[in-house]
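Scroll down for the structure; my scribbles are underneath it.
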Amino acid sequence: MAVLPIVRVPQPVLRVKTKKVRKIDASIKKLIDDMIETMHDAPGVGLAAPQVGVSLRICVIHVPGDDVVTLVNPEIVRRTGERVCPGEGCLSLPGYKGDVPRAEKVVVKGLNREGRPVRYHAEELFAEAIEHELDHLDGKLYFDYIGSIDDLTPYTGHEAEDEEEGAALGSE
């Protein structure tokens with residue numbers, strides 16, 4: 001396995017609708033393994049193939065406390081409810097987060113890394129990650145759902161420092 005470089009905004013591969021995987025062979029399984037290692041190294045909750053420069057319908061998701069989920073040729077078949085996901089971020093646009101409208105629950109179907117059909121009923125962070133990663137597979141980015149990229153909040157990953165910095169900026 002290898003840690004792959006993560007493609008960043010504004011690279012064109014992030015804005016292209018991906019192609020379906022026709023056959024899950026050894027090269028696809030290696031890509032999946034490398035994506036999982038890259039996601040954990042970043043660290044992130046999910047990673048889509050375009051984020052490592054590959055325009056195929058593959059994503060991996062690892063919600064803390066759960067098993068890693070691999071989705072090949074995924075499709076959301078149902079969305080239920082609405083909510084705003086505060087502080088959503090993206091490995092392809094590090095250092096920023098935003099409040100993104102998402103479904104409360106989603107049902108997704110696809111194939112696992114062995115090519116077997118899978119279906120997941122997801123809510124909370126798992127549902128958010130599914131929508132976020134499938135957006136990548138359709139050439140969409142999370143900030144497309146908010147008013148402007150200018151509405152994103154700078155983020156260092158150190159919440160206490162970010163709050164202090166924000167408070168200091170607000171008092172000037």
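Quick notes on this structure:
- Region 83-109: number of residues that are in contact with a Pro (Cβ under 6 Å, 6 or more places away or on another chain) and either of a type in the set (Lys, Arg) or without any contact (Cβ under 8 Å) to a residue 40 or more places away in the chain (or both): 2
- Hits in region 107-129 - residues which are out of contact with any Phe, Trp or Tyr (no Cβ under 6 Å at 6 or more places or on another chain) and assigned to a strand (DSSP E or B): Val107, Lys109, Gly110, Leu111, Pro117, Val118, Arg119, Tyr120, His121, Ala122, Glu123
- Test: residue in region 97-106 that is modelled with pLDDT of 95 or more, crowded, with 20+ Cβ neighbours inside 10 Å and not in a strand (DSSP E or B): yes
- All positions within region 1-50 that are part of a helix (DSSP H, G or I), touching a helix residue (DSSP H, G or I) at 6+ places or on another chain (Cβ under 6 Å) and under 20 Å from Ile76 (Cα atoms): Leu14, Pro50
- Test: residue in region 54-77 that is at pLDDT below 95, out of contact with any strand residue (DSSP E or B) (no Cβ under 6 Å at 6 or more places or on another chain) and of a type in the set (A, V, I, L, M): no
- Residue that is farthest from Gln11 (Cα to Cα) [pool: residues in region 51-61 that are under 13 Å from the mean Cα position of the chain (by Cα) and not in a strand (DSSP E or B)]: Arg57
- Evaluation of Phe143 against (1) at pLDDT below 95; (2) in a loop (DSSP other than H, G, I, E, B) (one fails), failing number: (2)
- The residues in region 45-85 that are of a type outside the set (Val, Ile, Thr), surrounded by 14 or more Cβ atoms within 10 Å (Cβ to Cβ) and over 22 Å from Val16 (Cα atoms) can be counted, and the count is 4.
- Test: Ala2 is within 15 Å of Asp138 (Cβ to Cβ), of a type in the set (Gly, Ala, Ser) and touching an Asp or Glu at 6+ places or on another chain (Cβ under 7 Å): no
The values are calculated or read from the model by the stated rules, or taken from the named source; none is laboratory data. Computed from a predicted structure; not experimentally measured. Glycine gets a Cβ as well: all are built from the backbone with ideal geometry, and neighbour counts include every protein chain shown.
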